[in-house]
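Bear in mind that the values in this text are calculations on the coordinates, not laboratory data. Note that the coordinates shown come from a computational prediction; the quantities given were computed from them, not determined experimentally. Cβ sites come from the backbone with ideal geometry, for glycine too, and all protein chains shown count toward neighbours.
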Amino acid sequence: MQTEKLWSADAKNLRPSAIRRFAAMINDPKIISFAGGVPSPATFPSARIAHYAEKVVRDNAAVSLQYGPTRGLPALRDSVAAVCAERGIACDPATQLLMTTGSQQALYLVAMTLLDPGDVVLVELPTYIGGAGAFHARRAELVGVPQDDEGIVPSALEATVVRLQSEGRRIKFLYTIPNFQNPSGRVLASKRRTEVLAIARAHDFMVVEDDPYGELCFADGLDTTPIKKNDEEQRVVYLGSFSKVLAPGLRTGWIVGEPKFIRQCEIAKESVDLCSGMLDEAVIAAFCAAGELPGQITAVRSFYRDRRDALIGALDAHFTGHATWTKTEGGLFTFVSLDDGRDTEQLLAGSVERGVAYIPGGAFFVDGSGSNTMRLTFAKETDERMREGIRRLAELFFQTT
Ligand SMILES: Cc1ncc(COP(=O)(O)O)c(C=O)c1O
């Protein structure tokens, strides 16, 4: 049967990830890959996870192998509320917190709860592709807001909002990743966090703050305080995740929001998966209850800090005078712009021939700009291979030796 004729308008509007097509290159061991967007398996505390997995199955299969509460295991919610409190976010685990199957599901549930076709979502230029995908799935219109080295430019945000509202458009929320953004690696400056929230308040839209990288901070004293911390009127929805500090295979994230909003997302989640994987939740709950999370975060930070140093050092050595890039202070990425404006998508085939892969940056810009940019991760390769990869790219791009 030709099923297409019966597909829904929503299904036809779904967009495949523009970067998943690079998966083959990322996984080819012969290629030095800056293209991945995933954590290094070297950071997974595998033995500890195996220990807790065995324990929760052996001691409590009636919970860990059973369906569970849609909101998530109470013990895990308590631990996540404590994590949030450390980040400055007060939340009642019973009413203001919903566990999700990764923060990707959180994005989908937020989109399901807030968006009608034609609604406007403001996104950063560039933005996370999975966020854009979740909003497109609801047939929203994504409008880009420029960033500079300090993140979203508040005056540009305000001008965009005023223009859209004067055209009668309905802006539902701003989607922002203030800490070590994927893909740009940037941090939204402290003063701007206050300004962004003030603009949202003045023009009455919500803020969806996605913060999977906030804990991966390499610099002492850098302000990564969530916007949510100063959100007195519960206008901000905050998303967190265990993927980058523990392991993405455990598929566990969360949403913090006002109680009615959380309840509505919970109902949406019931129709998506009833509940998240209880085995995943039970393992993380046991890991957190044993006090292992802070040590794990310290280890992961130090692992990526060293890798970041190697990549930025290689860029300093080979790209200086030809390109600019984010002086990344956390997360997994740096973002490069070529000074001569050449299209990095067109340069990719030549790079792969020379055994090096990256993600062309254009895919992250909803306005079609950014063709001279590229995202590089320092999560995948050894220091030595990164240095060699950057040397080869410089040779190809700038004819340096
Ligand atoms: C900004 C951002 N949000 C959300 C996610 C989804 O993460 P997860 O569903 O594993 O929690 C990612 C994954 O890379 C991301 O970079």
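The range 176-220 and the range 276-292 have Cα centres spaced 28 Å apart.
What dipole magnitude, in Debye to the nearest 20, does the chain give about its Cα centre under +1 on Lys/Arg Cβ and -1 on Asp/Glu Cβ? Kindly include the intermediate steps, with their values, before the conclusion.
Numbers: 44 positive and 50 negative charges, 128 e Å.
Here the chain has a charge dipole of around 620 debye.
Protection proxy ranking for 234-243, 136-145, using the average of other Cβ atoms within 10 Å per residue and placing the highest first: 234-243, 136-145. Structure note, pairs Lys244/Lys327; Lys12/Lys228; Lys244/Lys269; Lys12/Lys380; Lys55/Lys260; Lys260/Lys380: Cα-Cα distances above 31 angstrom occur for Lys12/Lys228; Lys12/Lys380; Lys55/Lys260; Lys260/Lys380.
Show me the three semi-axes of the equivalent ellipsoid for the chain, from the C-alpha gyration tensor (sqrt of 5 times each eigenvalue), largest first, rounded to whole Å. Walk me through the numbers before you get to the answer.
Numbers: eigenvalues 208, 148, 91 Å².
Working through the eigenvalues yields semi-axes of 32, 27, 21 Å.
Over the chain, calculate the relative contact order: mean separation of alpha carbon pairs under 8 Å at least 6 apart, over the residue count, as a percent.
Values: 742 pairs, mean separation 96.7, N = 401.
This gives 24 percent for the chain.
Scoring 331-339, 57-65, 162-170, 178-186 by mean Cβ neighbours within 10 Å over their residues and listing the highest first yields 178-186, 331-339, 57-65, 162-170.
Where Lys and Arg each count +1 and Asp and Glu each count -1, what net charge lies around Ala314 among other residues with Cβ under 9 Å from its Cβ? Write down the numbers at each step before the final one.
Working: positive: Arg387, Arg391; negative: Asp316, Asp383, Glu388.
Net charge in that neighbourhood comes out at -1.
Across the options Pro74, Tyr128, Val63, the greatest Cα extent toward the positive end of the charge dipole of the range 1-139 (unit charges at beta carbon of Lys, Arg, Asp, Glu) belongs to Tyr128. Spin-label model, Glu353/Ala50: points 7 Å from Cα along the beta carbon direction are separated by 4.5 nm.
Taking every DSSP bridge with both residues inside the chain, close to 50 percent are antiparallel. Based on C-alpha pairs under 8 angstrom that are at least 6 apart in sequence, the range 1-136 has a relative contact order of 25 percent.
Where does the chain land at 222 nm, in deg cm²/dmol rounded to the nearest 500, when only DSSP H runs of n ≥ 4 count, each adding -39500 (n - 2.57), divided by all residues?
Details: 13 runs with 170 residues, N = 401.
Per the formula, -13500 deg cm²/dmol.
Springs between Cα atoms under 10 Å define the GNM used for the chain, and in it the highest mean-square fluctuation of Asp204, Asp280, Asp220 occurs at Asp220.
Between Glu388 and Arg15, the distance separating the two model label sites (each 7 Å from Cα on the Cα→Cβ line) works out to 3.6 nm.
When the Gaussian network model of the chain links Cα atoms closer than 10 Å, the mean-square fluctuations of Thr43, Thr377, Thr100 top out at Thr43. Between the amide H of Gly68 and any residue lying 5 or more places away or on another chain, no distance stays under 5 Å, with hydrogens modeled in the peptide plane.
The phi-based Karplus calculation (6.51 cos²θ - 1.76 cosθ + 1.60; θ = phi - 60°) puts the 3J(HN,Hα) values of the range 244-261 at 8, 9, 10, 5, x, x, 7, 6, 9, x, 7, 10, 10, x, 6, x, 5, 5 Hz, whole numbers, x for Gly and Pro. Sorting 74-83, 9-18, 358-367 by average packing, meaning the other beta carbons within 10 Å per residue, from highest down gives 358-367, 74-83, 9-18.
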